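See below for the structure under consideration.
The values are calculated or read from the model by the stated rules, or taken from the named source; none is laboratory data. It should be emphasised that the depicted structure is a prediction, and the values quoted were computed from it without experimental measurement. Virtual Cβ from ideal backbone geometry, glycine too; neighbours counted across all protein chains shown. SASA here: full protein model, heavy atoms, side chains in, ligands and nucleic acids out. Shrake-Rupley method; radii C 1.70, N 1.55, O 1.52, S 1.80 Å.
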Amino acid sequence: MLQVSTPYLPNKKKLLKYIDQIYKSKWLTNGPLAEELEFKLAEHLGVKNLVLVTNGTVALNLAYKLLELKGRVLTTPFSYVASTSSLCWDGIEPIFVDINSKSLNLDIDLMKNVKLDENISGILPVHVFGNPCDVDSIQAFATNNNLKVVYDASHAFDVKVHGESILAQGDISTLSFHATKFFHTIEGGALIIKDDNIYEHAKKIKNFGINGLSIDCVGTNAKMHEISAAMGLCVLDEVENILERRKIVFENYWTRLNSVLQLPEYDFKSDLNYSYFPVIFESESKLVEVTRYLLENNISARRYFYPSLNTLNYVKYAECPVAESVSKRVLALPLHPDMDKNISDKVITLILEKL
Ligand SMILES: *Cc1c(COP(=O)(O)O)cnc(C)c1O
């Protein structure tokens, strides 16, 4: 079976060397490998104030805490469920703003029309499929209205705009290092924090509020352990290779499907990471038909994202016609670094047979 995504497994010998080191030191957590990974990631991404945590959802929850978000937050209904559920988990009400039908990111013009009040404390946009949001417009709107911005940048590892990491945007950007993401640590995540004081605070609250010998504030436990950090160090050494191999498959899909299927409009002026290849069918029934046909041929594709998050049973519904329509018709095709170009050819041929 060809999976829509499989975890990237780095050089095993290298990983075993780190495991040996962990066995010798008996240092399983609070250790030097997490520290090393934190340093190397910040360097690789070209950002400051990076804090490693246990996963991408915890990264979001820490971000809300650090920025004291409360009340209501403007967000997109077209994302992985964690962006919305993390808000609800913290007692913050998501206010859904529909997406732009081309970029599939939060629609800035619609956002500007939202009637703001003192209960709205922030914005949570998502760089969906690694396609950068219009960060300048979002920042201008946020600054004018005194709102905090948290970017869920789970899809945007290594994405750059004008040569600069997109992760430096917003008050905080968060990453997920889940096994199936572009860069992974098995489970893991990170925050990239603009303000130096908030960064110092983040380092404390992810470790029980501990600061050296004193306990300064209420904290939680969000530390990444050493085996995850070891995996991350190994994967990080191979990200150029991961990018290249993804790009070959992405470009093949793009070239052969662009004229026959609706695709998101990518910002090709930016440096993208080619993490996902979503296609949008003319109808849900066509999507179901193609998905079934692929499955009969041992190819698994994923309805990603489905359903539109404004329709979840635990949120207040707001009409988002674009997101609701797209989420019924969008399918993520298999794309991972272990895939050869000829496998993508097979996927393409099967899809074309059913169109
Ligand atoms: C993967 C993902 C998350 C959650 O990250 P975890 O590390 O699995 O907790 C959140 N938001 C988006 C957009 C994601 O793709």
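Structure note, pairs Lys194/Lys223; Lys148/Lys204; Lys14/Lys194; Lys160/Lys203; Lys247/Lys286; Lys112/Lys328: Cα-Cα distances above 30 angstrom occur for Lys14/Lys194. Between the listed residues Leu263, Leu116, Ser300, the Cα displaced farthest toward the positive end of the dipole of the chain, a dipole computed from Cβ unit charges relative to the Cα centre, is found at Ser300. Given 25 °C and 0.890 mPa s, compute D for segment 231-303 with the Stokes-Einstein relation, Rh being the Kirkwood radius over Cα pairs; round to the nearest whole µm²/s. D = 171 µm²/s.
I want to verify the translational diffusion coefficient of the chain in µm²/s; compute it with Stokes-Einstein, Rh as the Kirkwood radius over Cα pairs, at 10 °C and 1.306 mPa s. It comes out at roughly 75 µm²/s. So what is Rg over Rh here for segment 180-303, counting just Cα atoms and using Kirkwood for Rh? Taking Rh as the inverse mean 1/r over Cα pairs, Rg/Rh reads 1.13.
Accessible area per residue for the chain, computed on protein heavy atoms with a 1.4 Å probe, is 46 Å². Here the accessible area of the chain is 51 percent carbon and sulfur, with a 1.4 angstrom probe and all protein chains present. Dipole check for the chain: with +1 at the C-beta of Lys and Arg, -1 at the C-beta of Asp and Glu, and the Cα centre as origin, the magnitude is about 780 Debye. Considering segment 13-94, its Cα convex hull presents a mean projected area of 7.6 nm². Of the residues Val290, Thr6, Ala332, the one whose Cα sits farthest toward the positive end of the charge dipole of the chain, with +1 on the Cβ of Lys and Arg and -1 on the Cβ of Asp and Glu, is Thr6.
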